[in-house]
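Down below is the structure, laid out as structure tokens.
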Amino acid sequence: MKKLALSTLILCSSAYAAANSSLFTLNSSLSEDSVKQDSIVFTTVKEIPITSIKNQSRSGTCWAYSTLSYFEAEILKKSGKTYDLSEMFIANQDYIDRATMMVRLHGDMQFAQGGSAYDVYYILKTNGICPEEAMAAPGSLVGDTLNNFNEFFKVMTPYVKALATSEAKKLSPAWKNGLQGIIDAYIGKKPEKFTYEGKEYTPQTFSASLGLDWNDYVSITSYTHHPFWTEFPVEVQDNWRGGMSWNIPMDDMARIIDNAIDNGYTVAWGGDVSDDGFTREGLAILIDTEKMADNEGSDMAKWLKLTTKERNEKIKKLGANVPELTPSQEKRQEEFDNWQLTDDHGMLIYGKATDQNGREYYMVKNSWGKTGTYKGIWYMSKNFIIAKTMDFLVNKNAVPKDIRKKCGF
């Protein structure tokens, strides 16, 4: 899936300014005060407290940032405590695990920077976690101020591929030590023990101290190539661990997100942001391109020839009047099967808003630093989220009771 690999690299690896580490909540007045009069004006309907905006910088680790942000919000909801958990602890363990699988399969899988929410969930349960302060600061080991995986993966990927495709009849055990050395040199060594707030922990005991029940979490998706109300591993390359998702009809999938937000739960979302309607200024709308072309007095061919910048300008000009499609189960399946719907990016859904015309949006925390009109927050229309969802992780207690009963969890 060349598009998948390219999109993950481009969209999960954007570099932006660093964010502070204080507790972050977006006041609805930000929308009205910071946008121009001809732009969309948002009114917050529901907003759940979240931790600060982070910056993945030049690394394809949106999956680690978004999912740890999700669990930080879960801890905040349950205990009121604010944590800054280490994304590079997760990345360190995940790349060793992924390389091991690639070697076992003699190279018949993808080795890449990307990952899934399930990777983070799995590592938290099995390997633990540490706070940000217990590992090297991002980028510091390579003389940068933020994560920079460019040289890192140019060194590591050939190493792993050479081993996985080796014609040797037997590999020595030294290869894993060599790979661990490369990983540790670029993103830091995982601590065996550390002190946090005056108490000594191992990664496993620290994870246990966070107060979360790891049995509370389920992954949700919606496709027709598997029976509804059953689990299956979504067939994308970054789901290399085979994490299972519950297959739910699209309308019920949408109900889960709404019910979660309404009841104070966030959602760790993974999906496709390669669509024209996703802008770098903090907006995502499921654009009806045919109506957009008509509104601009041009045919579809002319619209398609516009540059991304030109399209974004036209979207901005129309503001809340941008015509939007309605998602469908059939269209979701069609786009998944033809590689249009891919797992480009991971983000955190933490609130709801409406614009001046009543269109519904989710408030979504990104990991590109405090960039865009809303300083690191995206307003993504409900239609966009439902159409472009690959899967999402959510607390099972946030799922409507009738859906839980059908699934049996």
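The values are calculated or read from the model by the stated rules, or taken from the named source; none is laboratory data. All of these numbers come straight from a predicted model, not from anything done at the bench. Note that we place each Cβ from the backbone using ideal geometry, even for glycine, and neighbour counts take in every protein chain shown. Keep in mind that these areas ignore ligands, DNA and RNA; they rest on the heavy atoms of the full protein, side chains included. Shrake-Rupley method; radii C 1.70, N 1.55, O 1.52, S 1.80 Å.
A few notes on this one:
- Among residues of the stretch 170-181 being aliphatic (A, V, I, L, M) and in contact (Cβ under 8 Å) with a residue 60 or more places away in the chain, the one that is farthest from Lys81 (Cα to Cα) is Leu171.
- Among residues of the stretch 44-63 being farther than 15 Å from Phe152 by Cα and not β-branched (Val, Ile, Thr), the one that is farthest from the chain's Cα centre (by Cα) is Lys46.
- Sole residue being farther than 21 Å from Val160 by Cα, at pLDDT below 95 and of a type in the set (Ser, Thr, Tyr), chosen from Ser69, Ser79, Ser31, Ser52: Ser31
- Only strands (runs of 3 or more DSSP E) whose full extent lies in the stretch 182-238 are considered here, and the ones with at least 3 residues that are touching a residue at least 40 places away in the same chain (Cβ under 8 Å) and open to solvent by less than 70 Å² (accessible area, probe 1.4 Å) are 217-221.
- Some residue of the stretch 240-260 being in contact with a strand residue (DSSP E or B) (Cβ under 6 Å, 6 or more places away or on another chain) and farther than 30 Å from Lys401 by Cα: no
- Hits in the stretch 369-396 (condition: among the β-branched types (Val, Ile, Thr), open to solvent by less than 10 Å² (accessible area, probe 1.4 Å) and under 19 Å from Ile315 (Cα atoms)): Ile377, Ile385
- Among (1) without any contact (Cβ under 8 Å) to a residue 60 or more places away in the chain; (2) surrounded by 17 or more Cβ atoms within 10 Å (Cβ to Cβ) - the single one Asn366 does not satisfy: (1)
- Residue satisfying all of: in the stretch 172-207; of a type in the set (A, V, I, L, M, F, W, C) and within 27 Å of Gln56 (Cβ to Cβ); farthest from the chain's Cα centre (by Cα) among these: Phe194
- Qualifying residue in the stretch 325-341 (condition: open to solvent by 80 Å² or more (accessible area, probe 1.4 Å), more than 29 Å from Ala112 (Cβ to Cβ), among the polar types (S, T, N, Q) and modelled with pLDDT of 85 or more): yes
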